[in-house]
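The structure appears below as structure tokens.
The values are calculated or read from the model by the stated rules, or taken from the named source; none is laboratory data. Quantities reported herein were computed from a predicted structural model and do not represent experimental measurements. Note: ideal-geometry Cβ built from the backbone for every residue, glycine included; neighbour counts use all protein chains shown.
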Amino acid sequence: MKQVYIDIIRRYVTDLSIARADALSWWGDLIDKEAAAGTDRQSAEHRCRMRWPMGPASHPRVVAVYRTYFFEIVQANETSVSRYESFPDEPFSVSSLWEREGEFTSDNEQLYISEPTELLYESLEEFDISLFEFMKSFVFLPIGMDATGHLK
């Protein structure tokens with residue numbers, strides 16, 4: 001993995017850890033309020049999940065952290081692509097730049113880009129297993145496109 005992505009993931013882990021703490025507190029409060037309305041804890045959590053299917057990963061701070069680092073990875077990818085496009089004598093294909101495990105060395109590492117969704121989820125298993133487990137329920141991509149096809 002390129003150093004730029006490692007640096008992004010390290011910052012992502014730090015920020016996501018803070019957001020997770022807030023999200024778990026928020027989630028606990030939601031369940032407590034639901035249980036106080038006269039239901040058992042398991043039913044209270046079920047009722048909360050009916051509204052927030054991703055559980056604490058639904059918290060707006062978690063979503064905001066994910067979006068921030070998604071766009072950082074997109075920017076890093078665009079920088080890599082623009083550097084590669086500046087070599088006119090080399091055949092160019094954006095699809096040829098996607099990082100494939102075991103297919104790069106330190107000599108050609110700068111040619112590869114990473115899929116943001118994959119990097120933001122799968123790398124957590126290596127960097128912080130508890131965040132990896134926490135984000136398992138994060139099942140949607142909170143990224144859209146405008147009318148011109150740009151991510152937003």
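Contact map, the range 46-75: residues that are more than 18 Å from Val4 (Cβ to Cβ) paired with residues that are surrounded by 14 or more Cβ atoms within 10 Å (Cβ to Cβ) and among the charged types (D, E, K, R), Cβ distance under 7 Å, separation 6+ or inter-chain. Pairs shown: Arg47/Glu34; Cys48/Glu34; Gly55/Arg49; His59/Asp22; Arg61/Asp22; Val62/Arg20; Val65/Asp15.
Would you be able to say whether some residue in the range 39-51 is within 24 Å of the chain's Cα centre (by Cα) and among the hydroxyl-bearing types (Ser, Thr, Tyr)? No: zero hits. If I go through the range 36-51 residue by residue, how many of them are assigned to a helix (DSSP H, G or I), more than 18 Å from Ala23 (Cβ to Cβ) and either in contact with a strand residue (DSSP E or B) (Cβ under 8 Å, 6 or more places away or on another chain) or acidic (Asp, Glu) (or both)? Residues in the range 36-51 being assigned to a helix (DSSP H, G or I), more than 18 Å from Ala23 (Cβ to Cβ) and either in contact with a strand residue (DSSP E or B) (Cβ under 8 Å, 6 or more places away or on another chain) or acidic (Asp, Glu) (or both): 0 in total. Please tell me if Asp7 is farther than 22 Å from Phe140 by Cα and under 25 Å from the mean Cα position of the chain (by Cα). Against the criterion (farther than 22 Å from Phe140 by Cα and under 25 Å from the mean Cα position of the chain (by Cα)), Asp7 qualifies. Among the residues of the range 118-152, those that are surrounded by 14 or more Cβ atoms within 10 Å (Cβ to Cβ) and touching a residue at least 40 places away in the same chain (Cβ under 8 Å) comprise Leu119, Leu120, Ser123, Leu124, Phe127, Asp128, Leu131, Phe134, Met135, Ser137, Phe138, Ile143. Listed by first and then second residue, the pairs with beta-carbon distance under 7 Å, at least 6 apart or on different chains, first residue in the range 4-27 and over 12 Å from Thr68 (Cβ atoms), second in a helix (DSSP H, G or I) and among the small types (Gly, Ala, Ser), are Val4/Ala76; Tyr5/Ala76; Ile9/Ser123; Ala23/Ala57; Trp27/Gly55. In the set (1) surrounded by 13 or more Cβ atoms within 10 Å (Cβ to Cβ); (2) more than 15 Å from Ser123 (Cβ to Cβ); (3) under 14 Å from the mean Cα position of the chain (by Cα), the condition left unmet by Val65 is number (2). Test Ser123 against the criterion of being at pLDDT 50 or above, in contact with a helix residue (DSSP H, G or I) (Cβ under 6 Å, 6 or more places away or on another chain) and not hydrophobic (A, V, I, L, M, F, W, C), and give yes or no. Yes, satisfied. In summary, Asn77 fulfils each of the numbered conditions (1) modelled with pLDDT of 95 or more; (2) more than 21 Å from Phe132 (Cβ to Cβ); (3) surrounded by 16 or more Cβ atoms within 10 Å (Cβ to Cβ) with the single exception of condition (1). Between His59, His46, the distinction of being at pLDDT 95 or above, under 17 Å from Glu133 (Cβ atoms) and out of contact with any Ser or Thr (no Cβ under 6 Å at 6 or more places or on another chain) belongs to His59 only.
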